[in-house]
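Enquirer: Once you've had a glance at the structure underneath, I'll fire off some questions.
The values are calculated or read from the model by the stated rules, or taken from the named source; none is laboratory data. Predicted, not measured: the structure shown is a model, and the values here were computed from it. Please note: Cβ atoms are built from the backbone with ideal geometry, for glycine as well, and neighbour counts cover all protein chains shown. Ligands, DNA and RNA are stripped out before the accessible areas are found, and what is left, the full protein with its side chains, is counted by its heavy atoms. Shrake-Rupley method; radii C 1.70, N 1.55, O 1.52, S 1.80 Å.
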Amino acid sequence: MTGNSYNIYNAVHLIARALHGIYPFGSRHPMIQNGKRFLDVQPWQKLPSSRCVDSCLPGYSSKIIEEEPRCCYECQLCPEGTISNFTDAERCVPCSAHQYPDKNQIQCLFKNISFLSYQEILGIVLASFALILSLITALVLTTVINHRNTPIVKANNRELTYVLLISLLLCFLSSFLFIGQPTRITCLLRQIVFTVIFTVAISSILAKTILVVVAFMATKPGNKARELLGKQGVSSIVLVCPLLQVITCTIWLGTSPPFPNLDFHSSAKEIIVECNEGSVVLFYTVLGYMGFLALVSFVVAFLARKLPDSFNEAKFITFSMLVFCSVWVSFLPTYLSTQGKAMVAVEVFSILASGAGLLGCIFLPKCYIIILRPDLNSKDHLLRKKKYRNLDF
């Protein structure tokens, strides 16, 4: 039964009533006029209704009831993701991938484009923190360079200190690659740049910690640790460890590189613009390698935290690596349980929080002595301290 058949039926009904008005009342027999035969319909005789229910409104579809006349049907609300925009629709029509139904399921609306942008509060806050931490790191680097000839800067290899501060500065700046609409270039660079630079930072921390161990072992008679390793040997850690990360990233880019992607299905009202990481295995491989270096640095620093060395950084490195590992251990479950801009915000926050932990735990005590206690940052103080330690011994 269609709408046209109902209209035809009603038209015939009206014609019958009009014909009834032409002839005298009370006749129950067909009448003949001008050679044509007409049926006499009495006014009290009601013709059957064309349907059993009222019309189904837009947003609903009509469903025929079994074992009932075809003019009888029930109205059903359109399923999620579909609409009907006219009365007595036989079925609901799904919206396209870039649209979603309104609350009444009468029309399709265009989805909003979603990504972590500089125009929203979350993006502004993260970008502001990244900028502030970058400026603080640059200020610390300037302070260290200006006092490069003082004992506290020269301790544990000042070149490694420069490398660590520059890598931390680049880490904070790399977080800007995660903010804004993803493009092919930013998707290729964001994870690669972040993991390689952080690997350089952790490698420099590991080298500084091993230097403390080597310096202590070299004081023992007959120990050849300094000859075997030396400053050049320890500093080569900063080259070898990041080189392995670069090789892994090169394989990643060569086989299954990251690329921008549009996610139409994760959110009902938004199109999520994201970076597909390509090979998930290689993505977690570079993160796992970075975590492995952090764990090794933490263990070595923990074991060397009480070694007698001038301005021993091992205990501060222990705290910094504890913060670093805590941030990234909590990052994984949070990262996997979020999606869209929230997932990107979690990674940016982890970068900033772990970098700030390294910067604060390692360099805050140094800056305190350089700026507020310059009397402790002198050669005479170190000689007196060494003399008292020998007397106690």
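Enquirer: For segment 119-131, which positions are under 13 Å from residue 344 (Cα atoms) and out of contact with any helix residue (DSSP H, G or I) (no Cβ under 6 Å at 6 or more places or on another chain)? Lay out the reasoning, then the answer.
Expert: At the first step, the residues of segment 119-131 found to be under 13 Å from residue 344 (Cα atoms) are 122-123, 126-127.
Listed by number, the residues that qualify are 123, 127.
Enquirer: Any residue in segment 137-165 that's farther than 18 Å from residue 372 by Cα and touching a residue at least 24 places away in the same chain (Cβ under 8 Å): show its pairings with residues that are open to solvent by less than 30 Å² (accessible area, probe 1.4 Å) and among the polar types (S, T, N, Q) at Cβ separation under 7 Å, as long as the two are six or more apart or on different chains.
Expert: Hits for this filter: 160/204; 163/204; 164/204; 165/137.
Enquirer: Here is a list of conditions, (1) open to solvent by 20 Å² or more (accessible area, probe 1.4 Å); (2) at pLDDT 90 or above, and residue 191 meets all of them except one; can you say which number that is?
Expert: Unmet for residue 191, out of (1) open to solvent by 20 Å² or more (accessible area, probe 1.4 Å); (2) at pLDDT 90 or above: (1).
Enquirer: Return the residue satisfying two criteria in turn: it lies in segment 328-362 and is of a type in the set (Gly, Ala, Ser), part of a helix (DSSP H, G or I) and open to solvent by 40 Å² or more (accessible area, probe 1.4 Å), and of such residues it is nearest to residue 267 (Cα to Cα). Spell out how you get there, then give the answer.
Expert: So in segment 328-362, the residues of a type in the set (Gly, Ala, Ser) come out as 330, 337, 340, 342, 345, 350, 353-357, 360.
Subset that is part of a helix (DSSP H, G or I): 330, 342, 345, 350, 353-357, 360.
From the residues that got through so far, the ones that are open to solvent by 40 Å² or more (accessible area, probe 1.4 Å) too are 330, 342.
On the way: 330: 25, 342: 12 Å.
Step by step, filter segment 328-362, then rank; the result is 342.
Enquirer: When segment 164-185 is examined, which residues are found to be surrounded by fewer than 20 Cβ atoms within 10 Å (Cβ to Cβ) and out of contact with any Pro (no Cβ under 8 Å at 6 or more places or on another chain)?
Expert: Let us first name the residues in segment 164-185 that are surrounded by fewer than 20 Cβ atoms within 10 Å (Cβ to Cβ), namely 166, 170, 173, 176, 180-181, 183-185.
Correct list: 166, 170, 173, 176, 180, 181, 185.
Enquirer: Any idea how many residues of segment 102-143 are open to solvent by less than 40 Å² (accessible area, probe 1.4 Å) and either closer than 19 Å to residue 175 by Cα or over 26 Å from the mean Cα position of the chain (by Cα) (or both)?
Expert: Step one: of segment 102-143, the residues open to solvent by less than 40 Å² (accessible area, probe 1.4 Å) are 102, 105, 108, 111, 114, 116-117, 123, 126-127, 130, 133-134, 137-138, 140-141, 143.
Then keep just the ones that are either closer than 19 Å to residue 175 by Cα or over 26 Å from the mean Cα position of the chain (by Cα) (or both); that gives 102, 105, 108, 114, 116-117, 123, 126-127, 130, 133-134, 137-138, 140-141, 143.
Going through segment 102-143 one residue at a time, the tally reaches 17.
Enquirer: Take the residues in segment 85-109 that are out of contact with any Asp or Glu (no Cβ under 9 Å at 6 or more places or on another chain) and of a type in the set (S, T, N, Q); name whichever of them is nearest to residue 269 (Cα to Cα).
Expert: 99
Enquirer: Would you say residue 349 is of a type in the set (Phe, Trp, Tyr) and within 24 Å of residue 244 (Cβ to Cβ)? First the steps, then the outcome.
Expert: Details: of a type in the set (Phe, Trp, Tyr): yes; within 24 Å of residue 244 (Cβ to Cβ): no.
So residue 349 fails the test.
Enquirer: Is at least one residue of segment 201-223 in contact with a Gly (Cβ under 7 Å, 6 or more places away or on another chain) and at pLDDT below 90?
Expert: We begin by selecting, within segment 201-223, every residue in contact with a Gly (Cβ under 7 Å, 6 or more places away or on another chain); these are none.
Taking every residue of segment 201-223 in turn, none turns out to be in contact with a Gly (Cβ under 7 Å, 6 or more places away or on another chain) and at pLDDT below 90.
Enquirer: With the condition being among the polar types (S, T, N, Q), I'd like the helices (runs of 4 or more DSSP H) fully within segment 118-213 carrying at least 1 qualifying residues.
Expert: Working: elements: 121-146, 151-154, 158-174.
It comes to 121-146, 158-174.
Enquirer: In segment 134-151, which residues are of a type in the set (S, T, N, Q) and farther than 26 Å from residue 353 by Cβ?
Expert: First, pick out the residues of segment 134-151 that are of a type in the set (S, T, N, Q): 134, 137, 142-143, 146, 149-150.
146, 149, 150 - these are the residues of segment 134-151 that are of a type in the set (S, T, N, Q) and farther than 26 Å from residue 353 by Cβ.
Enquirer: Kindly list, by first and then second residue, each pair from a residue in segment 323-348 that is without any contact (Cβ under 8 Å) to a residue 60 or more places away in the chain to a residue that is in a loop (DSSP other than H, G, I, E, B) and open to solvent by 30 Å² or more (accessible area, probe 1.4 Å), limited to pairs with Cβ atoms under 6 Å and residues at least 6 apart or on different chains.
Expert: The qualifying pairs are 346/338.
Enquirer: Here is a follow-up. Considering only residues that are open to solvent by less than 40 Å² (accessible area, probe 1.4 Å) and of a type in the set (Ser, Thr, Tyr), look in segment 144-163 and name the one that is modelled with the lowest pLDDT. Steps first, answer last, please.
Expert: In the first step, residues of segment 144-163 are kept if they are open to solvent by less than 40 Å² (accessible area, probe 1.4 Å); the result is 144, 150-153, 155-157, 160-161.
If we keep only those that are of a type in the set (Ser, Thr, Tyr) as well, we get 150, 161.
Numbers: 150: 85, 161: 91.
Per the criteria, the residue is 150.
Enquirer: OK, next. In segment 265-286, is there at least one residue being surrounded by 20 or more Cβ atoms within 10 Å (Cβ to Cβ), modelled with pLDDT of 85 or more and among the small types (Gly, Ala, Ser)?
Expert: No; the residues of segment 265-286 include none that is surrounded by 20 or more Cβ atoms within 10 Å (Cβ to Cβ), modelled with pLDDT of 85 or more and among the small types (Gly, Ala, Ser).
Enquirer: From the list 129, 110, 86, 115, which residue is of a type outside the set (D, E, K, R) and closer than 23 Å to residue 9 by Cβ?
Expert: On the way: 129 fails: closer than 23 Å to residue 9 by Cβ; 110 fails: closer than 23 Å to residue 9 by Cβ; 115 fails: closer than 23 Å to residue 9 by Cβ.
Of the residues listed, the single one that is of a type outside the set (D, E, K, R) and closer than 23 Å to residue 9 by Cβ is 86.
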